[in-house]
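The values are calculated or read from the model by the stated rules, or taken from the named source; none is laboratory data. All values derive from a computational prediction rather than experimental measurement. Please note: Cβ atoms are built from the backbone with ideal geometry, for glycine as well, and neighbour counts cover all protein chains shown.
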Amino acid sequence: MSNPFEPLEAELPGILRGSWHRFLETYEPLRSELYRYCRHLTRSPWDAEDLAQDALARAFVTLGQMGAAPEHPRAWLFRVASNLWIDRVRRMRREEPLGDREAAVASVDPIASREAAGTLIGTLSPQERAAVVLKDVFEMSLDEIAIALATTVGTVKSALHRARGKLAESPEPKPVAKPAPKVIDAFVSAFNAGDLDRLTALLLDTSAVEVVGATTQYGQEAAKKTVLYGMLFGSTRMSEAATRGGMDPRFVAGVLPEAPRVEAREHRGEWIFLHWYRHEDGEFVRAITRVEADGERVAHVGNYFFNPDFIADVCGELGVPFRSNGYRWWLTGKC
């Protein structure tokens, strides 16, 4: 029996991809501010990038259900991010035993404990923290904050008043270094040897490998042909972007067609990989990879490449030079 939906199913991915790209192009001017807002809420670059990506995805779906474009795009996008974050915190607090919560507050990350808008003690509610960040960091008016938090001006005033009384300096405990798992060394060795097969063999058959915000591949073979291959050998294409396309040439000027190298670094209590690319004027980090290990194999790979705000944030904390790849993994008119 024929499937009456088959023609639409075949066309749907292309239709959605084109709409998604146009959405991202439209809201690209707000991407840096969105990341910065998420960064102040979460106080972690990793959580901030996750929240920003989730907010964009939710905003895309929500916009498709609205009858008109939002009147205040920035406040609306912040509202989407605020709702996601508040729901996430509430869910975590419901699920987390009280003893674990107290231990988490005591072991707060020393870098995260010095974020702007003052350092807010752990008892500050999600709404209070969001209100302070929007007022003190983004200098929004009370009306704009009310829009961003989907509440009233009176409620915003109350939240700010309560928050002002809770501002305090958090303790700054020394971070505890963790030894690098064997899979970390194996990943570095295989990558720097340019051994695609050995790198692929580190993955579980069920592994998910993603370029965060751009694409996700499942299983060894799919990941090998796309994401892993691009991570190892994409610099050649980057160096030819001005003539062959694939990336905006202004972001890859001076890139040399040499394979990047990876370096394992500890960041905020976990091991990550910095991808160093050779340029005419030296080496710069252009990507960061995070892996989730399952024994001596890899269950998940997250490659941050088209995430300029996140890369700048992490590289700033580590004190290493970096270059931006921009936000777009596609070129306008080539969706």
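Annotations
- Cβ-Cβ under 6 Å pairs, at least 6 apart or on other chains, the stretch 189-210 side assigned by TED's automatic domain parsing to the domain that holds GLU296, far side buried (at least 18 other Cβ atoms within 10 Å of the Cβ) and charged (D, E, K, R): THR200/LYS224
- For the stretch 218-237, filtering for residues that are in contact with an Asp or Glu (Cβ under 7 Å, 6 or more places away or on another chain) and either outside the structural domain of ARG297 (by TED's automatic domain parsing) or farther than 17 Å from ILE288 by Cβ (or both) leaves 2.
- Single residue of GLU258, GLU317 found to be in contact with a Lys or Arg (Cβ under 9 Å, 6 or more places away or on another chain) and touching a residue at least 24 places away in the same chain (Cβ under 8 Å): GLU317
- Test set (1) under 17 Å from the mean Cα position of the chain (by Cα); (2) among the charged types (D, E, K, R); (3) surrounded by fewer than 18 Cβ atoms within 10 Å (Cβ to Cβ) - GLU266 fails condition number: (1)
- Breaking point among (1) surrounded by fewer than 16 Cβ atoms within 10 Å (Cβ to Cβ); (2) under 26 Å from GLY14 (Cβ atoms); (3) basic (Lys, Arg), for ARG328: (1)
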